[in-house]
Amino acid sequence: MAVREIWLVRHGESEANVAAARAEADGADVIDAGHRDADVPLSPLGERQSRALGTELADRGLDDVPVALWVSPYLRAQQTITIAIEHGALAEPARRTDERLRDRELGVLDLLTRQGVRNRYPDEERRREWLGKYYHRPAGGESWADVMLRLRSALVDVDRLEDTDRLVVAAHDAVVMLTVAVCLDLDEPALTEFARTHTVANASLTRLRRDAVGAPWSLEEFSSVGHLYDDEVTEHGGRKDDARVR
């Protein structure tokens, strides 16, 4: 039996998502996240979103087939899937924590709002405008292409899973978006256009499917949030330049 489905889960709203939205609204340069990126916890809303996600996963019969679970090492992703599994009374598969599923690293732009980037790193802002998000690598950080490279490495392992029909990945908006790009073989223009018209909501579910090993992947569902009430849906772009795509 080989993996035929990948279910991609974005973490629920985090305290850093809330801090970033507040900083943008206040016109501040710096986001006061209160934690290093790996240690940012869920907000109270993020915990509610995670419980709703758990109910949805149970209703969809997540564990009706053999399941593998891969999770980002970052706390918000770990909390999201733990809460979802517990609330949905799901059988937890063996959990693999994989550093290749961590959020995109933004280097010197970390914890800066868009205004903060313009004010403190105007040369970096011009480079980003010139290169575009696909290739722009902030000092000490990653471009989209860099993240896709580590995801390609991780996805090679999918075909090594034994007795598994469905893979669940709990991670971040960039990981969801770029996993879709890798699986669908999207080049820079196609990915840029897709990202312009699609966003990854907190606690959303995205599904990819194939008929067999070596068969092409198809996108069955993207950023589904039907399990959330309208006032629970959040689409925090993460930070900084994630709010817009050139």
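Rounded to the nearest 500 deg cm²/dmol, what is the calculated helix-only ellipticity per residue at 222 nm for the chain, with -39500 (n - 2.57) per DSSP H run of length n ≥ 4?
-11500 deg cm²/dmol
Taking 25 °C and 0.890 mPa s as conditions, the range 137-181 diffuses translationally at an estimated 207 µm²/s according to Stokes-Einstein applied to its Kirkwood radius (Cα pairs).
Accessible area per residue for the range 1-118 is 41 Å², calculated with a 1.4 Å probe on protein heavy atoms, without ligands, DNA or RNA. Local charge for Asp123 was computed over the other residues whose Cβ lies under 14 Å away, with Lys and Arg +1 and Asp and Glu -1, and equals +3. A simple rule links phi to the HN-Hα coupling: the Karplus curve 6.51 cos²θ - 1.76 cosθ + 1.60 with θ = phi - 60°, which for the range 217-226 gives 7, 10, 8, 8, 6, 10, 6, 6, 10, x Hz, with x for Gly and Pro.
Among 133-142, 81-90, 184-193, the peptide with the highest mean count of other Cβ atoms within 10 Å heads the list, and the full ranking is 81-90, 133-142, 184-193.
The calculated P(r) of the range 14-127, using every Cα pair and 5 Å bins from 0, goes 2, 11, 16, 18, 16, 13, 9, 7, 5, 2, 0 in percent. For His87, neighbours were defined as the other residues whose beta-carbon sits under 13 Å from its Cβ, and their charges (Lys and Arg +1, Asp and Glu -1) total -3.
For the chain, the carbon plus sulfur part of the accessible surface works out to 48%, probe radius 1.4 Å. P(r) tail, the range 2-43: Cα-Cα pairs separated by more than 12 Å, 64% of all pairs. Rounded to whole numbers, the Karplus 3J(HN,Hα) couplings from phi for the range 44-60 are x, 5, x, 5, 5, 4, 5, 5, 4, 4, x, 4, 5, 4, 5, 4, 7 Hz, using 6.51 cos²θ - 1.76 cosθ + 1.60 with θ = phi - 60°, and x at Gly and Pro. Between Ser14 and Ser43, the built amide H atoms are under 5 Å apart, and every one of these is 5 or more places off in sequence or on another chain. Net charge of the neighbourhood of Arg96, taken over other residues with C-beta under 13 Å away and scored Lys/Arg +1, Asp/Glu -1, is -1. For the range 90-178, the convex hull drawn through the C-alpha positions has a volume of 113 cubic angstrom per residue. For the chain, the share of DSSP beta bridges that are antiparallel, to the nearest 5, is 45%.
With the convex hull constructed from alpha-carbon coordinates only, the range 56-204 shows a mean projected area of 9.8 nm² over all directions. Computed about its Cα centre, the charge dipole of the chain is approximately 600 debye, with only Lys, Arg, Asp and Glu carrying charge at their Cβ.
The values are calculated or read from the model by the stated rules, or taken from the named source; none is laboratory data. In this text the structure is predicted, and so the values were computed from the model without any measurement. Every residue, glycine among them, receives a Cβ derived from its backbone with ideal geometry; neighbour counts consider all protein chains shown. These accessible areas exclude ligands, DNA and RNA; they are computed on the full protein's heavy atoms, side chains included. Shrake-Rupley method; radii C 1.70, N 1.55, O 1.52, S 1.80 Å.
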